[in-house]
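Worksheet: one structure, shown below.
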Amino acid sequence: MMFYKKIVRPFLFLFDPEFIHGITFFFFRYFPVMGRILRNRMSWNNSLPGSDISLLNLKFRHPVGIAGGLDKNAVALRFMKNLGFSFMEIGTVTPIAQSGNPRPRLFRLKRNQAFINRMGFNNDGLEAIRRRLLNRPTDFIIGGNIGKNSQTPNEDAWKDYLTCFIGLYPYVDFFIVNVSCPNIKDLSQLQNRSQLKEILTHLIDYRSGMPEKRPVLLKISPDLSYVQLDEVIEVVKETGIDGLVATNTSIRRIGLDYSDEQISGFGPGGLSGKPLTKISTDIIDYLHKNLGDAYPIIASGGIMSPEDAVEKINAGAKLVQLYTGFVYEGPGLLPQILNIIRWNNKVV
């Protein structure tokens, strides 16, 4: 952990964040054995006694996975499995490949252990990602994060979501419906009750005719008011989806040690990392109190330490996902979280 933070991270942070992401994922893709080597050097077992979790008709080796957005194109599945994560969310996947927003579109806010990104659902498209999943690793749970193409009008958004749902259905273990990314124009409007219900109803209707029931979860924004959260809760109950992912990135600029001029210079985009820790936990707590355990919650947002993960689980989350914390803290964050969970039996 210290080697990463003292040596590796300072070197990586010398480069443009999107450039270094591309380089590291090249190695993750073509040298997946590196994950096992790293895990062995950290001397830990990725299946700790008593940490198995049965959820969503799936069995997770432990509660820690990788959030959507880190591996948009399903190229690092074997690396992340070898490193020891129990599940991974790929995407966001859209029906047609798209390049996303113009660069630069990813910014480090090192003082606050945060990122601002406006990637814009850049991905290789449904067909390319589907082909990669034909040879997916076994004993590793994969979630498919699905969205709409930028050029698709909101009134037709359900068609894009259904296309991705049908295309990925045989190849992933569960789905995450992403209507909360702030980097696609007007996408957040799909969180309105009527449009959200339309999208989810089409997915559930298709699923009802399938022999295997793939769980469907909704990924929500940290910027929703409590009134809006209540509407989401009603839609969850009405449509019959299986759970929630809380939360996505935020359009707000909160808890940042930067001047207004500097913040303005970063431009629009979603804020992730440490500034979202408490906001995400509060939303999880509210959702859990109103939905109970019948609708599992996956925590995503601001998990930068083992203590953050425990707080999320104690607030009601059943699983936790890393992204910004993985970048800032390194692979050693995973065994640290598992160790603290093992010693806090009440949250397992």
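The values are calculated or read from the model by the stated rules, or taken from the named source; none is laboratory data. Computed from a predicted model, the values in this text were never measured in an experiment. Note that we place each Cβ from the backbone using ideal geometry, even for glycine, and neighbour counts take in every protein chain shown.
Every test in (1) modelled with pLDDT of 95 or more; (2) under 21 Å from Leu287 (Cα atoms); (3) hydrophobic (A, V, I, L, M, F, W, C) is passed by Met210 save one, and that test is (2). In the range 46-56, which residue that is out of contact with any Lys or Arg (no Cβ under 7 Å at 6 or more places or on another chain) and within 26 Å of Val172 (Cβ to Cβ) is modelled with the lowest pLDDT? Going through the qualifying residues, I end up with Ser54.
Residues that are farther than 16 Å from Asp160 by Cα and free of Cβ contacts under 8 Å to residues at least 40 places away in the same chain were ranked within the range 192-222; the one that is surrounded by the fewest Cβ atoms within 10 Å (Cβ to Cβ) is Pro211.
When Gly255, Gly265, Gly292, Gly269 are checked against the criterion of being of a type outside the set (Val, Ile, Thr), without any contact (Cβ under 8 Å) to a residue 12 or more places away in the chain and on the phi > 0 side of the Ramachandran plot, Gly292 stands alone in meeting it.
Scan the range 109-125 and tell me whether some residue there is farther than 30 Å from Gln262 by Cβ and of a type in the set (A, V, I, L, M). No, every residue in the range 109-125 fails to be farther than 30 Å from Gln262 by Cβ and of a type in the set (A, V, I, L, M).
Scan the range 229-238 and give yes if some residue there is in a helix (DSSP H, G or I) and either among the polar types (S, T, N, Q) or under 29 Å from Gly100 (Cα atoms) (or both), otherwise no. Yes - at least one qualifying residue is present in the range 229-238. Arg41 passes every criterion in (1) of a type in the set (Lys, Arg); (2) surrounded by 17 or more Cβ atoms within 10 Å (Cβ to Cβ); (3) without any contact (Cβ under 8 Å) to a residue 24 or more places away in the chain apart from (2).
Under the condition of being among the aliphatic types (A, V, I, L, M), surrounded by 24 or more Cβ atoms within 10 Å (Cβ to Cβ) and under 17 Å from Val320 (Cβ atoms), the residues counted in the range 66-82 number 3. Pairs needed: first member in the range 223-241, within 23 Å of Asn57 (Cβ to Cβ); second member anywhere, of a type in the set (Phe, Trp, Tyr) and surrounded by 16 or more Cβ atoms within 10 Å (Cβ to Cβ); C-beta distance under 6 Å; at least 6 residues apart or different chains. What qualifies is Val236/Tyr295. Can you pull out every residue in the range 217-242 that is touching a helix residue (DSSP H, G or I) at 6+ places or on another chain (Cβ under 8 Å) and small (Gly, Ala, Ser)? Hits for the range 217-242 are Ser221, Gly240.
Which pairs have Cβ atoms under 7 Å, sit 6 or more apart or on different chains, and link a residue in the range 9-32 that is more than 22 Å from Arg118 (Cα to Cα) to one that is part of a helix (DSSP H, G or I)? Short answer, once both residue conditions are applied: Phe27/Met34; Phe28/Phe79; Pro32/Arg78; Pro32/Phe79; Pro32/Asn82. The numbered conditions (1) modelled with pLDDT under 95; (2) more than 14 Å from the chain's Cα centre (by Cα) are all true for Cys181 except (2). Selection over the range 290-335 of residues that are assigned to a helix (DSSP H, G or I) and in contact with an Asp or Glu (Cβ under 8 Å, 6 or more places away or on another chain) gives a count of 3.
The conditions of being in a loop (DSSP other than H, G, I, E, B) and either of a type in the set (Val, Ile, Thr) or within 18 Å of the chain's Cα centre (by Cα) (or both) are not met by Cys164.
Just to be sure before I move on: is Arg214 touching a helix residue (DSSP H, G or I) at 6+ places or on another chain (Cβ under 9 Å) and outside any loop (DSSP other than H, G, I, E, B) in the structure I sent? Against the criterion (touching a helix residue (DSSP H, G or I) at 6+ places or on another chain (Cβ under 9 Å) and outside any loop (DSSP other than H, G, I, E, B)), Arg214 does not qualify.
Between Leu271, Leu287, Leu276, the distinction of being in a strand (DSSP E or B) and closer than 26 Å to Asn183 by Cα belongs to Leu271 only. How many residues does the range 138-161 hold that are over 21 Å from Met88 (Cβ atoms) and either assigned to a helix (DSSP H, G or I) or of a type in the set (A, V, I, L, M, F, W, C) (or both)? Result for the range 138-161: 7.
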